[in-house]
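Trainee: This is the structure I have questions about; it appears just below.
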Amino acid sequence: MEILKLLAAQAQYPNPAENMLLAGFGLMALVAVITVVKILVMYIRSGRENSGETEETPVRFEEIPDYPIAKERFDGAPLLTNKDVHRIVRNEFDGFFGEQGFVRRKGSTMWIRQTDDAVLFIELFYPHGQECFDFDIGVMPLCIPADHIYPYISARLRSFDSFGVYHSLGSYIEARLRQDIELGKSIFLRDVFGRLQKDFSDCKGLTAFMDSGEAWHKFHISPFDRSRYKAFLYYCGGDIENGDIRAGDFLRQAEQYEDRAADEVAEMREIMRIARSGSEELQGYFARVREKNISAWELPQR
């Protein structure tokens, strides 16, 4: 305040000598203020360091953008890359499925097990192309003509989980990733392998399954395909009456697909004709279909 009064007085009665003196006092006061502020800042920082606090807020793992950066670290461990995750998951399940009689198809992430009437398959995929992994699980009956193994009768792993413990599987943290792998294996052991053997390995089990409500609600089967598959399964099992009923359902539904279903319609009319010719010709038809599928799907001869 005294400095301000002097400055005001000087403004009224200018004096060169006094001006220089006042300027010196002002500079000294400014330096003193800056020094005090620096001392206070150093004291506060020192107190935070001694208490374990830092000015920077730790970054949560979930907040790290672009996960697949191996150089980033979390809880003292390096994050995995996408390539690392895919390699670990593939190798872990490759051995696991092999113990259950499944063989991985060359150059793919699909494991298959062939029975007398069908091919059971498990296909690994990555929904987001990154660390999350999932499975399609299903069956391809050998009595239904097809150029490739398609997931027509299939469901995701969560559809099999009887205890509801399934969650999104996968992590860039290796310990968590391996925990999810073990969780997936437990669901396969508890809910999948026995079910595949019971309901999907032969035409009888498949026919009963296709007649169940579960085929509608949990599995990826359109009404159009469902009628077609059931007709083939009934005919293959020698049940001509129910085969005709399902074939009729299929032909009525196929009308709305017009040219797109032309081949399937011709195929269904042919099997209906063969079914009326007697069981021997019908068995010969399905033997040819089976051989053709085994060749097209590149399956080993049994």
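The values are calculated or read from the model by the stated rules, or taken from the named source; none is laboratory data. These numbers come from a predicted model, not from an experiment. As a convention, Cβ positions derive from the backbone with ideal geometry for all residues, glycine included, and neighbour counts pool all protein chains shown. The accessibility values were calculated without ligands, DNA or RNA, using every heavy atom of the protein model including side chains. Shrake-Rupley method; radii C 1.70, N 1.55, O 1.52, S 1.80 Å.
Trainee: Counting only protein heavy atoms and using a 1.4 Å probe, what share of the accessible area of the range 171-217 belongs to carbon plus sulfur, as a whole percent?
Mentor: Working: 1170 of 2180 Å².
After summing per-atom areas, the C and S share lands at 54 percent.
Trainee: What percentage of all Cα-Cα pairs in the range 152-302 are separated by more than 25 Å?
Mentor: 44
Trainee: Report, by chain and number, residues whose modeled amide H sits under 5 Å from the one on S154, excluding near sequence neighbours (fewer than 5 apart, same chain).
Mentor: Amide H neighbours of S154: H220.
Trainee: Q130 label point, 7 Å along Cα→Cβ, cut-off 19 Å on backbone N: hits in the range 155-169?
Mentor: 167-169
Trainee: Extending each Cα 7 Å along its Cβ direction at R252 and Q197, get the distance between those two points in nm, one decimal.
Mentor: Rounded to a tenth, the inter-label distance reads 4.0 nm.
Trainee: Tell me, what ³J(HN,Hα) does each residue in the range 97-103 have, in order and in whole Hz, if you take phi through Karplus 6.51 cos²θ - 1.76 cosθ + 1.60 with θ = phi - 60° and put x for Gly and Pro?
Mentor: Computed from phi, the couplings for the range 97-103 are 5, x, 5, 9, x, 8, 10 Hz.
Trainee: How large are Rg and Dmax for the range 238-298 when only the alpha carbon atoms are used, in Å?
Mentor: 12.9, 34
Trainee: Report, in debye and to the nearest 20, how large the dipole of the range 228-298 comes out about its Cα centre when Lys and Arg carry +1 and Asp and Glu carry -1 on their Cβ. Before the final figure, lay out each step's value.
Mentor: Numbers: 11 positive and 15 negative charges, 21 e Å.
That gives the range 228-298 a dipole magnitude of about 100 debye.
Trainee: How do the peptides 88-99, 152-163 rank, highest first, by the average count of neighbouring beta carbon atoms within 10 Å per residue? Before the final figure, lay out each step's value.
Mentor: Values: 88-99: 14.9, 152-163: 17.4.
So the order, starting with the most tightly packed, is 152-163, 88-99.
Trainee: If you take the beta carbon distance between R273 and L189 as r and set R0 to 41 Å, what does 1/(1 + (r/R0)^6) give as a FRET efficiency, to the nearest 0.05? Write down the numbers at each step before the final one.
Mentor: On the way: r = 46 Å, r/R0 = 1.11.
The computed FRET efficiency comes out at 0.35.
Trainee: Keeping every protein chain present and rolling a 1.4 Å probe, give me the accessible area per residue for the range 169-244 in Å².
Mentor: Details: 3210 Å² over 76 residues.
Solvent-accessible surface per residue comes out at 42 Å².
Trainee: If you average the alpha carbon positions of the range 147-172 and of the range 200-246, how far apart do those two centres end up, in angstrom?
Mentor: So the two Cα centres are separated by 21 Å.
Trainee: First measure r as the distance between the Cβ atoms of E182 and F224, then evaluate 1/(1 + (r/R0)^6) with R0 = 30 Å and state the FRET efficiency to the nearest 0.05.
Mentor: On the way: r = 39 Å, r/R0 = 1.31.
E(calc), rounded to 0.05, equals 0.15.
Trainee: Whole-Hz Karplus ³J(HN,Hα) for the range 171-188, in order, using 6.51 cos²θ - 1.76 cosθ + 1.60 and θ = phi - 60°, x for Gly and Pro?
Mentor: Per residue, the Karplus-derived 3J(HN,Hα) values read 6, 8, 9, 4, 4, 5, 4, 5, 5, 5, 4, 5, 4, x, 4, 5, 5, 4 Hz.
Trainee: Another one. Using a 1.4 Å probe over the heavy atoms of the protein chains, calculate the carbon and sulfur portion of the accessible area of the range 124-165 as a whole percent.
Mentor: 50
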